[in-house]
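Taking it in order: structure first as structure tokens, then the write-up.
The values are calculated or read from the model by the stated rules, or taken from the named source; none is laboratory data. These numbers were taken from a predicted model, which means no experiment stands behind them. Glycine also receives a Cβ, built like all others from the backbone with ideal geometry; neighbour counts cover every protein chain displayed.
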Amino acid sequence: MMRSLFSGVAGLKTHQTKMDVIGNNISNVNTVAFKSSSTTFSDIMYQTTSQASGATETRGGVNAKQIGLGVTNGATKISITSSGAAQSTGDALDIRLSDTNTTNFFVVNNGTENVFTRAGSFYIDGNGNLAMTTTGYLVMGWQVDAQNPSVINKNTVTPLRVMQPANLTSPPEATTEASFSGVLDKYDSQFSSSSGYARSFTIYDNLGYSYTAKFAIKLEDPTTCKYTINLTGVYDTNNKNILTDYLNASDDNTLDKIFGGDSTVPFTKEYPLSTGVESTGNANTIRYNGVDYTYNPKTKTFDAADGTNVSLAQVCGLDDDSAVTDVQCTGSGADAKFVITFAASTLQFHTKEGHLIYAGNEGEKTITLHTSLLGPNRSITNPLEGDDINRALSDIQIDFSQLMAYDNGGTSTAVGNRGVPDGTVMRGEGKKLGTMTGLSVSNDGRIFGSYSNGNTVLLGQIAAAQFANASGLEEIGNNCYKTTLNSGEFDGIGVDISADGSSMNTGQLEMANVDLSAEFTDMITTQRGFQANSRIITVSDTMLEELINLKR
């Protein structure tokens, strides 16, 4: 039987195998992170009909006489180190691996073992795990350190359960700093009001409950640019003034212990008696509609012997009496008046340049708001000596350094701010309880949770795997590979992808690295090779036919 028949058959089989590889490449042209393969042919053994002989003194050497027996598929090589183009998706959980010096892989677990993939299309499954979109295989990585949540513990890789119940919320923070900024104009009509120029800002306690701290800025001396600021109330979400509760708790709980401390100076102002109010000639006692009333500093009311009372606001025409620390009724007849003292802190401005010289004490530009004394979880029996652990509100340092005293056309623009500007963030502003609003992945694979209170929390890090011979990995389908004896082993820990300058790019997927122009060219040569090998069989058959016909 002619050897060429079997060579032709071998050629047909080998070219068919190559066509199978080409077909697989083309069919996966749109498969995420697919790596194309190529085949390499190798000739088969040779039949030696005559051995080679060496040269002698009289004759030259003779080469061996060998006849080849066909071709076989020598190797199928995966182009695994060649990255595909980037495809933008905009999905934060779509991740493309960018390689610098080595080929990187995601580590995923199929339920029995760790396998490896370049396909970074991920989602959050029903248990809160980061998983492959196509297979549900769990993405593996490192967890945060339990003792230091800002640090990643790079130990054996485990599933990244980023949406576990503990991660769904971010704890609240108490407000510890605040600030005032803007312009005070002494010609602003609000400074002629008894309540002054009212400002406020929101604060949070350790439990995330919000309160509104209200202040009144008053012009004490326009010539020397001297103002005062006093705390008029701290209101909870039910509009209850917890400052009033504190002031009523004890005769010693004066307002200056809450706002300013030793820096507080009295702010005294005279008010005429309202219609129907008469002076009795005694301090703190008035006659109203023919009935004598005595001022009660705890309730800030004038009380009669029969139990009735009238408010300080009624008899003085005040808009807000929560900052009042003392009331004296002096004079008689047309000269009768109230001398009212408010708890206030000085704001002294430079008369030439308009900037703040000091707030409260000279040399200081901050005043302490002792909100820790207010509760809501303060000691009932002794508010001033309650344990800190029972105090939900923290003391607040208020910075006044950004206030200015300028001519602004009779309009003041001063505002109160929760927190103090520190670069692009607000320091010490406090936060309410936050709920998770989104996830993001940094270039080094760290996963962060974003929360409604503005917090960003580290939740874990995606690990990468690298191999000494990535092309030695075995394809197991579903865009995954597993290790072989020729690829190198996975140590169970993985590497930080940024260690060699590589990165993870979010909002992108790696496309297949199939080159259609090259595949179509290979298809043509494969088709012609198959056609030529079929001709070997046809011609060999014709020759055998001629041999058989010799008998005729």
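Quick look at the values:
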{"quantity": "Hits in the stretch 285-298 (condition: at pLDDT 80 or above and either among the β-branched types (Val, Ile, Thr) or in contact with a Leu (Cβ under 9 Å, 6 or more places away or on another chain) (or both))", "calculated": "Thr285, Ile286, Val291, Thr294, Tyr295"}
{"quantity": "Selected residue (only one of Ser42, Ser36 is assigned by TED's automatic domain parsing to the domain that holds Met523, at pLDDT 85 or above and out of contact with any strand residue (DSSP E or B) (no Cβ under 6 Å at 6 or more places or on another chain))", "calculated": "Ser36"}
{"quantity": "Boolean, Ser372 is within 39 Å of the chain's Cα centre (by Cα), of a type outside the set (Lys, Arg) and either modelled with pLDDT under 85 or assigned to a loop (DSSP other than H, G, I, E, B) (or both)", "calculated": "yes"}
{"quantity": "Condition check for Thr308: more than 26 Å from Ala198 (Cβ to Cβ) and either in contact (Cβ under 8 Å) with a residue 60 or more places away in the chain or among the hydroxyl-bearing types (Ser, Thr, Tyr) (or both)", "calculated": "yes"}
{"quantity": "Some residue of the stretch 91-98 being assigned to a loop (DSSP other than H, G, I, E, B) and either modelled with pLDDT of 95 or more or touching a Leu at 6+ places or on another chain (Cβ under 8 Å) (or both)", "calculated": "yes"}
{"quantity": "Looking only at the stretch 140-168, and only at residues there that are more than 20 Å from the chain's Cα centre (by Cα) and surrounded by 14 or more Cβ atoms within 10 Å (Cβ to Cβ), the one that is farthest from Phe106 (Cα to Cα)", "calculated": "Lys154"}
{"quantity": "Those residues of the stretch 137-156 which are more than 18 Å from Ser440 (Cβ to Cβ) and either polar (S, T, N, Q) or modelled with pLDDT of 95 or more (or both), in sequence order", "calculated": "Tyr137, Leu138, Met140, Gln147, Asn148, Asn153, Asn155, Thr156"}
{"quantity": "Check on Val21, of a type outside the set (Gly, Ala, Ser), more than 13 Å from Thr526 (Cβ to Cβ) and not assigned by TED's automatic domain parsing to the domain that holds Thr135", "calculated": "no"}
{"quantity": "When residues of the stretch 299-312 are limited to those that are charged (D, E, K, R) and over 21 Å from Glu270 (Cα atoms), the one modelled with the highest pLDDT", "calculated": "Asp303"}
{"quantity": "Qualifying residue in the stretch 33-44 (condition: over 27 Å from Gly11 (Cβ atoms) and surrounded by fewer than 10 Cβ atoms within 10 Å (Cβ to Cβ))", "calculated": "no"}
{"quantity": "Complete set of residues in the stretch 512-538 that are in contact (Cβ under 8 Å) with a residue 60 or more places away in the chain and of a type in the set (A, V, I, L, M)", "calculated": "Ala512, Val514, Leu516, Met523, Ala532, Ile536, Ile537"}
{"quantity": "Candidate set: the stretch 394-433, residues that are among the hydrophobic types (A, V, I, L, M, F, W, C) and in contact with an Asp or Glu (Cβ under 7 Å, 6 or more places away or on another chain); chosen: the one farthest from Gly501 (Cα to Cα)", "calculated": "Ile396"}
{"quantity": "Filtered residues of the stretch 313-346 (kept if outside any strand (DSSP E or B), within 12 Å of Leu273 (Cβ to Cβ) and aliphatic (A, V, I, L, M))", "calculated": "Val315, Ala334, Ala336"}
{"quantity": "Members of the stretch 172-217 found to be among the hydroxyl-bearing types (Ser, Thr, Tyr), at pLDDT 90 or above and not in a loop (DSSP other than H, G, I, E, B), listed by number", "calculated": "Ser179, Ser181, Ser189, Tyr197, Ser200, Thr202, Tyr204, Ser210, Tyr211, Thr212"}
{"quantity": "Subset of the stretch 101-140 [farther than 13 Å from Ala463 by Cα and touching a Pro at 6+ places or on another chain (Cβ under 6 Å)]", "calculated": "Asn129"}
{"quantity": "Options Gly333, Gly281; residue that is over 29 Å from Ile217 (Cα atoms) and out of contact with any Ser or Thr (no Cβ under 7 Å at 6 or more places or on another chain)", "calculated": "Gly333"}
{"quantity": "Sole residue being in contact with a helix residue (DSSP H, G or I) (Cβ under 9 Å, 6 or more places away or on another chain) and crowded, with 19+ Cβ neighbours inside 10 Å, chosen from Gly23, Gly11", "calculated": "Gly11"}
{"quantity": "Among (1) modelled with pLDDT of 85 or more; (2) part of a loop (DSSP other than H, G, I, E, B), the one test that Thr56 misses", "calculated": "(1)"}
{"quantity": "Residue tally, condition assigned to a strand (DSSP E or B) and either of a type in the set (Gly, Ala, Ser) or farther than 19 Å from Asp522 by Cα (or both), over the stretch 59-74", "calculated": "6"}
{"quantity": "Complete set of residues in the stretch 347-369 that are part of a strand (DSSP E or B), in contact (Cβ under 8 Å) with a residue 40 or more places away in the chain and within 19 Å of Lys218 (Cβ to Cβ)", "calculated": "Leu347, Gln348, Phe349, Leu356, Ala359, Ile367, Leu369"}
{"quantity": "Any hit, the stretch 434-448, residues being exposed (fewer than 15 other Cβ atoms within 10 Å of the Cβ), assigned by TED's automatic domain parsing to the domain that holds Ala131 and out of contact with any Asp or Glu (no Cβ under 6 Å at 6 or more places or on another chain)", "calculated": "no"}
{"quantity": "Answer from Glu220, Glu270, Glu278 - the residue that is outside any loop (DSSP other than H, G, I, E, B), at pLDDT 75 or above, closer than 22 Å to Phe180 by Cα and more than 46 Å from the chain's Cα centre (by Cα)", "calculated": "Glu220"}
{"quantity": "Inter-residue pairs, beta-carbon under 8 Å, first over 24 Å from Val514 (Cα atoms) and in the stretch 25-50, second among the hydrophobic types (A, V, I, L, M, F, W, C) and part of a helix (DSSP H, G or I), 6+ apart", "calculated": "Ile44/Ala10"}
